Structures are given as C-alpha cells and as structure tokens.
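Here the structure comes first, spelled out in structure tokens, and everything after it is commentary.
No lab work stands behind these numbers, since they all come straight from the coordinates. Bear in mind the structure is a predicted one, so any value in this text is a computation, not a measurement. Positions of Cβ are generated from backbone atoms using ideal geometry, with glycine treated the same way; all protein chains shown enter the neighbour counts.
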Amino acid sequence: MRRYRLNSPFGRRTALGLLGAGLAAPFIRPAAAQAAWPEVTSIPDALKGTGEVRIATFGGTMQETQQKAYFEPFEKLSGIKVRAFPGSDPTKVKAMVETGNVEWDMAQLSRGSIMNLQKHGDYFEKIDYDLVDSGVDAAYRFEYGLEMLVWAQVLAYRTDTFKGAVPKGWADFWDTKKFPGDRAMVGTSAGGWPEMEFALMAAGVPPEKVYPIDIDKAFESYDKIKKDVVKWWDTGAVPIQLLTDREVVMTTVWNGRMAALQAAGVPGAISWSQGLLKRDAWGIPKGAKNKVNAMKFAAYSTMAIPQARVALGIPYGSVNNKSNEYIPAERLQVLPSAPAIKAQLVNYNYDWWIDNREAVVNRFNKWLLS
Amino acid sequence: MAGAGRGASVSLTDLEKSYDRVAAVAGVSLDIRSGEFLTLLGPSGSGKTTTLMMIAGFEMPTAGDIAIDAKSVVAMPPYRRNIGMVFQNYALFPHLTVAENIGFPLKQRGVAKAERAKLVGEALELVHLPGYGERYPRQLSGGQQQRVALARAIVFKPRLLLMDEPLGALDKQLRENLQLEMRRLHADLGITFIYVTHDQEEALTMSDRIAVMNEGLVAQVGRPEDLYDRPSSRFVAGFIGESNFLPAIVRGIEDDVVVAECDGALLRALCPGRMSPSPLAAGEKVMLTTRPERLRFADGAWHSPSSSGAPQNRLSVTVTEAVFAGERCRYMLQAGDGTAMVLKEPSSAAIRRRAVGEQAEIAWSVADTILV
Amino acid sequence: MNMSGRDARGPKNLVPLLLAAPLLLFMLAFYALPVVTMLMRSVSDPAWSLSHYAALPDDAVFQKVFLNTLYTSVIVTLGTLLLGYPVALALVRTRRWAPVILILILLPFWTSVLVRSYAWMVLMGRHGLINEALLAAGLLERPLRILNTPLATQIAMIHILLPYMILPIANALRQIDPSLARAASGLGATPWRTFRQVILPLSMPGVAAGVLLVFVLALGFYITPAMVGGPREITLSMLIAQQVDQLNWGYAATLSAVLLATALAIIAACYRLPGIGNAFRMNTR
C-alpha cells in the first residue's frame, strides 16, 4: 500500500476521477449555465435545522453539479451547513464504522455497495421515510438507503467508423465482422462489476429473462468477445478517453460521461438499447454524528425540483416522478429517466448482485487470466 | 629502437598545456636520457605534474611534442604507451587483491595465468612483500600499498617509469627508507625514471638530474650538485637549499669573473647562468648569491677546506642574532647597507662563539659566489 | 578506509539512536502499527485461522498475478538498468551537462501521474505520436498497438523508476577515485577493459542498490498498469485493491503479506551478497 502512494499523492480512484474531471469540466459548464433553473422557495419546517452535514460524493463534475443543484439551496433554506468531500467509497465507510471514527454523515454509494456491506454487519442507519417526498417511487426506496440518481450503463460508439451503420444492442457489440474494431468493457480490477447482462443479451437472452443470470452462459458468451476487448476499464473516464483517442470504436460507458465527449466535438453516440439502468443512493453510516441532518438533506435532495436541477446540470435522471415537469422536452431526450429511453433499458438487479458478486468477480479473474 | 639501453629516452619539445587560456605548462623542452633518474622539482602550480601527465598520456598537450625513443607519442592513447606509473595516492584497485593488482597490466597484455603468477611473485619479492598476494589493498599500511603500486608499475617491464609524488603521503622515516629502495630499484632495473616532487631534499638525494620548474617553465636542469653550487637564477638559488642574496653593482669583468661592488667592498662572482659575462655593463645592478654554510668568520680558528688558497671575498658585518643548534651555530648578520645574511658554522668547543652586536669580518670563496 | 567511522558505532555511543528516535517513534506509530494490524487480519478475518495462506498454493488467480507481477518487475528492473547505467555514467563524466541531465532525470519526480499518463497516451496511442510518425515515414502500414499492452506498462514503469536506478549508480560512480581509471589506462587497459574490469565492479554497490529499489518499488505498482496496461494485466496490488473493495479483507491482507514478504526477502538476499551489505553501510553518510 505504501508503495503505490510513492507514485501518486492521490489514491487511485481519486487520480482516475481527476483524469475524468479534467477532460469533462471545460465542456460541461456552458450546459450548466443554460436558461434559469427551477428554484425551491420554501421547505417544510421538518427539513430545517442547525449545525452541519458532511457528505461524501464521487467528486468531479458530478459534485460541481450537486453543489449548485441542491447543496447551496439546502444551506439557505434549512440553515444546515453542507460540507462535501469527494472520494466516497464503501470500504472507507466500513473502516470508519469499525474504528468508531465516522467522518461522513452521508455517502453517495450504490444500493449494491450498501447492501453488500450490510451483509457483513451493521454499517448503515435506517432511512426515515416519513420525511421523504411522495414523488419518489417505492422502487427507489430501501431500508438502508435512498436512491437519488438514475443513470445508465450503455453502448457507445464512434459514429465515423461504420459508414452510417448504427449498432443496436449487444449482439451488434459482439459482431466484429459487421462492426470491426477494438472494444472496451468493464473489468474487475478496482471493484468493477462485470457486465454479465450484456454478455447474456449478446447470446440472445431477451432483456426480461436476464435475471437470474446464468453465469456459465454469460462466460461462454464473454469468450467470444475476449480477444477484441483491448481494455477492461474500471472508471468512467477511461472509455471516454479510449473513444476520443480512437483506441476503440465501441465501448460500454456511463451515459453522463458522453455529454463531455460530444461537447468536445468527438463523433460519438450512445445506443440506449439494452443498456442497464443503475442508481446511486444516499447511505447514512452507522453512528454518524449528524444523522438527523443527513436524513433531512436526503429528503430534500430527492424532491422534484432539486432532482430536476441535477438533471439540467448533468445528463442523469431523476428518482422523483414530478421532476419531469421542470425539465424541457429536449433535455428530457438525453436522460435515462425519460420514458422513451427508460423503456429500452434493463433495470439493474442489485439484489441478484449482492448475492453473487463475489463468485462472479472471482470467476471473472480466473477467466480473464486463463 | 633509438635507445640502446633498457631505459627509454624521452624528449620534450616546446611542450605547452593551457586550461581556459591559462598556461599550466608554457613551453618545456627537455631531453631525458635512457636509464636516467630525472626529477621534476618545483612548487605546486609550477607545471611539473601536468608535464608528467602529458608524458603518461592523460593530458593532451596544447602544443609541442613528446617523443619516446625518438618516436612521437602525442597521438597515442595512454594504454598503448607502455609506461609504468605510480600515483601519489597509489591508485590501487580496491576490489582486487594485491596479486590481482600487480597482475592487472600483465592481464591487459595477454600474459597467460601461470606466467602471470610467476611474474607477480617476482615483483612482490622485488618490493619485499612476498606472501602478501592474497590480501586486499585496504589491509595494507601506506608504505606497503606504495610498494604494491611500485610492483604493479614495473611488473610488465616498461622502459619508462613515471612517479607523481609517490612518497608524499608517508611519514619521514618511511619516506627515507623508500627513497633508498627506489634508488636501488632504479639501479637494478636500469630503466628510465621520471619523478615528480616538491621536496628539494628528496630530489637532491635521489636524482641523477633535476629539472627545476617554475611557472610552467624549466628554470634549470642539471645534476643536484650543479643546481646547488651553480644556480642559474634567483628562483633556483632560493628554492634549492638556503641562500644569501647580496645586491651589488657591476664594476668590471676579469675573464669569466665579474667584479661587483657591495656595501663598499669589491666582490668577485661567477656567472654560470649566462653564456658569457660580456653583456654585463659596468654600473648595472645585479644580485649575488652564496650559501650560508660556505661563509666563515675571517678571524676564526676554523677554516673550511675550500677556503685554503682559493680567491676570497670579504665583507664587514654585525651579528644580529646567534643561535646554537647542536651540530652547528647559526648567525644572522647585517652588512653596512642593511643586507641581511645567514652564516652557518660547524659547532666546536674550540671555536669562539660570537655575541649579538659584535662586529666581524666574513670571508668566502669566489667559487661559491654566483651572480644570478 | 576511515577507521574512526567504525569506532563511532561502538555500543556505548547512543547519540545516533537518540537522533533517530523521533523518526523511529513516528514510523512505529504510523507505519509499523498499521502494517501489523493489517497483517493480523490475514489470520483473524473472518475467523482465527491460517486458511487464507493454506489456500494460496491452489489459488490459480493469485499465482498468475504474482508471477506476472514478478515478471514485470524483472523486465522493468533490467530496462532501468540498461537505460540508466549509461546515463549515470554520463552524469558523472560531464561537468557542463550534469545539471541538465540531472534535471531531466528528476523531471518525472515533479510531474504528476496524470500528466505522465496523458503523455504516454499521446505518445503510445493507436493514433499517437509514435504511430503517426512511423506511418508517415512509411515504416508501418497499420498502426501498432502499444498502449494498453504489457509493453506500455513496462515503458511507463521504466520511465517512472529510472531515477531510482540512476541516482544510486551515479552516486557509486562518483565515489570511485578518478585516478583508478587513469591507473588502469596507464597500465595498458583499453577504455572498454577499464570500464569492464575497474569501473563496473566498483559501481556494483550502486547497481545493487538501484536494482533493489526499482524491483521492490515495481512490485507494488498499481495505477500505471491499470491506466496503460494490457487487458489481461492484473498486478498483485490491483488484486489487493479488488479484494479490499469486495470486503475480503482477510484475503487482501494475506496478499499484502505475500507482497511484503517478497520485498523483504529480496532486500535480505541483496544485503547478504558479499560486499554489497558493506556497501550499503558505507553509502549511508
């Protein structure tokens, strides 16, 4: 551990995150500066308070957007000071809770991370759903976390390589005759979750029958694309760089990252078909000093307008049904939560993954090295 | 080959070396004969080491030529010159044993292992270190290291051996022993030695000839006794041994002897530094020099052997200081014109010792008076 | 050489120990303690047993990753040695260019890993400078794959680790008495033989120190292989990070213990080589 710090003053994830931020930041600001955003003018007294709340985020452009979308307004309306820290990480939550030195009142994680950790012990507070807005669907609520961001893991490609042909779905991604060129997909080196669903759909499994995942079948399918994958990526900046530098012609991406690439004038597009709909969630570490404030903030941030403001700043979707009223139609077209797009996506099944992740990752390691 | 003997002849012609336009060696011409022990003597910065390094090939001359056995070696890299060299700090290879150090030049010359071992053994005998072959240099004393360096420099039987202040780091006792050994070695081997030192006593004891260097030039070359008895310049007179300097004015020339006036007395002097005394004109200011041990009190009981019958110079002086130093007495004298002089007299209970303030008449041989 | 130096190390002289005490305490509190805690996990997480260690001989993934890590370290060590030794020699030989060379050597130290990563991508990419130049020169028909291969990892790591090889070697070379080279030359050794028989052996302590540093540092590399390496490249550090992330902390601790033990074993082996242990002691001035 000590050794790699010699190479970099940052942790790896921070370093890679900065790489992405550096790439994206210059191009995202104009979008954020567009037309006036909807404002929240008042909040229920139940969400007001004193003191502070310390929030761990994934940093970068996402945190910049969050700052403007709901950290600042919440401070003004509630009287609670928000302090945001980049570098959210479930393993840090584990260490903090175990050592009793909990430095975050709330962390942006995934339902998978939260429930996976919860499987090993009691690391999170229960969510107080009395405070949460009714516009948040039951699908986004779970005992130890509240989902607060909808995004998609999708196919992206360079539009200048296939003479106008448009890849649709994973069979096309696997078809290197029709769409020749190198590929990139998610690997497991830094805690990635392999894209077993894509492998299955490439093998002809219909989207609604993906879960429960047939692990053997998925790896059989993976075998067919292995030699064409030049990079198994582990953080969102990498596929964007690979597409930009023409290292690959097709890759899986986090949808939000593509806006920066397109804004930079790189000929790239998303193919939403058969993508995975994923969510980030707020989790409150067990024993957090300001857990009451954290709860209030979680409730505020999932209200319709704060959710809409995020979607205006960065192309990620909302968990609140009423948010779409505040989002212009043309903006809605690029959000994974837009009805037309959502219909093409497969809802990511965190529950299946919580039970099977370790086995899949270990098998993936073995498969990759064989 | 030009050199018939076992030693190489070396000839330097107008040799120059400058660093950033500052001349370290400013035009040295010198012929070193086969089998000779020649010492380059001079103060630090006189160019003696630079001259040696150019002969060895570690420095490239800015101008001039170096010929070994009448063949120019200027363009030849050091490893082809076949010259033995002993460095001031010995420069023994610390990672090699004594035997490997001595065998090093043989190995470079492709001498077979068995032959090498035999020659190394002989060389160790020669420097009185038999049985030391397996040791490492750091396990030896300074004197022993110097012997190893010497053995290494001669084991391949070079015709020329260069030594750069090889005894500089050793104490006096050891130095004197090694001086004798080097003389013996020189006699045994019969090869040419070029030896650099700033120690005039060492130079006088060991050398066949000495080249005194000053400011990048050779001030005088000659046998030790020539340099001592007939220094050609004030620098040589001052650098080798102790000298008195008497300012004088030329009054006339008698054959090869100059007559000059000093403090009202007429002194006669030889002038070996000049081709002939003829360029000297009457009235010219000159400097005469003489050695303290060659002066004596004219009324003294003791007479130096050289004084009997030979022409003498005389001068009146006052004793300003008297020091008894065991084997001899040392007097500081002052002439009427203020010139300070030193007189050294062998001590003897039979000789009256002079007191400070006493007036005296001193005398010395004309042959010991040199115009410089 | 200096005998008084050895005397000062007598048992009665506590001054060096006292001088080092603050650092020792600091290291104990902030390094040794966490390391021990971490190592304890390898036998205590999830329950007290040696099962993590017992499983290693049958762990094919671990073995492949471990061998790949060792292999990369060996290649990188050889690469830095071959490229670094001549640079060290140049650094010591030239007086005028030494500062320039030194700055060029140290530049990677001052450059962030991100800037360097970008630089490598720009250089080694499919459409990067190297490929474009070779294509333009007509030496290639199709671009070479350099980026995202093990070769890219090796190139990048060699670049990062070069200073760790050059500086100890230069230090050793600088300590060699210049008259030794002259003596060798005067005794009939050609420049190559002087190098081979005198300079090279005398610089071995520096070479050993450089090899040790580079090899041990290379064992722990993590960011670089992930960023520029090939699709099937997993280093031990990457595997550890992955297992930490999966909350298999006991297994991750076991892997860390293996990494630490490997590094220590290599240091111990180097220390015992004749002459080199001494050299380390000599060089600590």
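For chain A, what proportion of DSSP beta bridges, expressed in % and rounded to the nearest 5, is antiparallel?
60 percent
To the nearest 10 degrees, how steep is helix A:350-369 against the longest Cα principal axis of chain A, on a 0 to 90 scale?
40 degrees
List the residues whose amide H sits under 5 Å from the amide H of B:Thr320, counting only those 5 or more places along or on another chain, with H placed 1.01 Å from N in the peptide plane.
For B:Thr320, the qualifying residues are B:Met332, B:Leu333, B:Gln334, B:Gly357.
Among C:Pro150, C:Met238, C:Leu200, pick out the residue whose Cα is farthest towards the positive end of the charge dipole of segment C:56-283, where Lys and Arg carry +1 and Asp and Glu carry -1 on C-beta, about the Cα centre.
The Cα lying farthest towards the positive end belongs to C:Leu200.
Cut-off 10 angstrom, C-alpha nodes, Gaussian network model of chain A. Which of A:Lys286, A:Lys119, A:Lys278 fluctuates the most?
It is A:Lys119.
Can you give me the Cα centroid spacing of segment B:55-131 and segment B:200-264 in angstrom?
Cα centroid of segment B:55-131 versus Cα centroid of segment B:200-264: 37 Å apart.
Can you give the mean number of other chain Cβ atoms that lie within 10 Å of the Cβ atoms in peptide B:84-94?
5
For the protein assembly as shown, what proportion of DSSP beta bridges, expressed in % and rounded to the nearest 5, is antiparallel?
So the antiparallel bridges in the protein assembly as shown amount to around 70 percent.
Just order A:55-67, A:258-270 by mean Cβ neighbour count inside 10 Å, highest at the front, would you?
Result, highest mean Cβ count within 10 Å first: A:55-67, A:258-270.
Hey, what number do you get for chain A at 222 nm if only DSSP H runs of n ≥ 4 count, each worth -39500 (n - 2.57), divided across all residues, to the nearest 500?
When only DSSP H runs of four or more count, the value is -11500 deg cm²/dmol.
Determine, for each peptide in A:198-204, A:72-78, the mean count of other beta carbons within 10 angstrom over its residues, then list the peptides with the highest first.
Result, highest mean first: A:198-204, A:72-78.
Relative contact order for segment A:203-321 using alpha-carbon pairs under 8 Å, separation at least 6, rounded to a whole percent? Walk me through the intermediate numbers first.
Numbers: 56 pairs, mean separation 18.7, N = 119.
Rounded, it is 16 percent for segment A:203-321.
Can you work out D for the protein assembly as shown in µm² s⁻¹ from Stokes-Einstein, where Rh is the Kirkwood radius over C-alpha pairs, the temperature is 25 °C and the viscosity is 0.890 mPa s?
Details: Rh = 36.8 Å.
For the chosen part, D equals 67 µm²/s.
Over all residues in C:187-197, what is the mean tally of Cβ atoms on other chains that come within 10 Å of each residue's Cβ? Walk me through the intermediate numbers first.
Values: counts 21, 15, 7, 4, 2, 0, 4, 2, 0, 0, 7.
Counting Cβ atoms of other protein chains within 10 Å of each residue's Cβ and averaging gives 6.
Place the peptides A:144-153, A:131-140 in order of packing, highest mean first, counting for every residue the other Cβ atoms within 10 Å and averaging per peptide.
Packing proxy ranking, top to bottom: A:144-153, A:131-140.
According to the square roots a ≥ b ≥ c of the eigenvalues of the Cα gyration tensor, what is the shape class of segment C:56-283, taking rounded for a/c under 1.5, prolate for a/b larger than b/c otherwise, and oblate for the remainder?
oblate
Using the Cα gyration tensor of segment A:213-289, with a ≥ b ≥ c the square roots of its eigenvalues, what is the shape: rounded (a/c below 1.5), prolate (a/b larger than b/c) or oblate (neither)?
Oblate, since a/c reaches 1.5 and b/c is not below a/b.
Could you work out the relative contact order of chain A, using alpha carbon pairs under 8 angstrom and six or more residues apart, expressed as a whole percent?
Over chain A, the number comes to 26 percent.
Report the residue, chosen from B:Pro166, B:Pro279, B:Pro311, that carries the largest GNM mean-square fluctuation when chain B is represented by alpha-carbon nodes joined by springs under 10 Å.
For chain B, modelled as a Gaussian network with Cα springs under 10 Å, the answer is B:Pro279.
Of all alpha-carbon pairs in segment B:10-235, indicate the percentage at a distance above 29 angstrom.
Here the tail beyond 29 Å accounts for 26 percent of pairs.
Using the Kyte-Doolittle scale, find the helices of chain C whose mean hydropathy is at least -1.0 and whose Cα atoms extend 24 Å or more along the helix's long axis, counting only whole DSSP H runs.
C:60-93, C:150-174, C:200-219, C:249-272
Could you work out the mean count of beta carbons from other protein chains within 10 Å of each residue's beta carbon in A:86-94?
That average works out to 2.
Given the -39500 (n - 2.57) contribution per DSSP H run of 4+ residues, what per-residue ellipticity at 222 nm results for chain B, rounded to the nearest 500 deg cm²/dmol?
After summing the helix terms and dividing by the residues of chain B, the value is -6500 deg cm²/dmol.
Would you work out the relative contact order for chain B, in percent, from Cα pairs under 8 angstrom that are 6 or more residues apart?
15 percent.
Can you list the lysines whose alpha carbon is less than 19 Å from that of B:Lys17, not counting same-chain residues fewer than 8 positions off?
Within the straight-line limit of under 19 Å, B:Lys17 reaches these lysines: B:Lys48.
What dipole magnitude, in Debye to the nearest 20, does segment B:10-235 give about its Cα centre under +1 on Lys/Arg Cβ and -1 on Asp/Glu Cβ? Display every interim value, and only then the final one.
Working: 26 positive and 27 negative charges, 157 e Å.
That gives segment B:10-235 a dipole magnitude of about 760 debye.
Rounded to the nearest 20 Debye, what is the dipole magnitude of segment C:56-283 about its Cα centre when Lys and Arg each give +1 and Asp and Glu each give -1 at the C-beta? Present the calculation step by step, with values, prior to reporting the outcome.
Working: 15 positive and 7 negative charges, 179 e Å.
Dipole about the Cα centre, nearest 20: 860 debye.
Give the angle, between 0 and 90 degrees and rounded to the nearest 10, that separates the Cα long axis of helix B:172-189 from the longest principal axis of the Cα atoms of chain B.
70 degrees
What is segment A:143-257 by shape, rounded, prolate or oblate, if you read a ≥ b ≥ c off the alpha carbon gyration tensor as root eigenvalues and call it rounded for a/c under 1.5, prolate for a/b larger than b/c, and oblate otherwise?
oblate
I want to verify a result. In a Gaussian network model of chain C, Cα cutoff 10 Å, which of these has the top mean-square fluctuation: C:Ala47, C:Ala253, C:Ala156?
Greatest mean-square fluctuation among the candidates belongs to C:Ala47.
Quote the charge dipole size of the protein assembly as shown about the Cα centre in Debye, to the nearest 20; the model charges only the Cβ of Lys and Arg (+1) and of Asp and Glu (-1). If you can, show how the numbers build up before the last one.
On the way: 106 positive and 91 negative charges, 284 e Å.
So the magnitude is around 1360 debye.
Relative to the longest principal axis of chain B, what angle (0 to 90°, nearest 10) does the C-alpha long axis of helix B:98-108 take?
80 degrees
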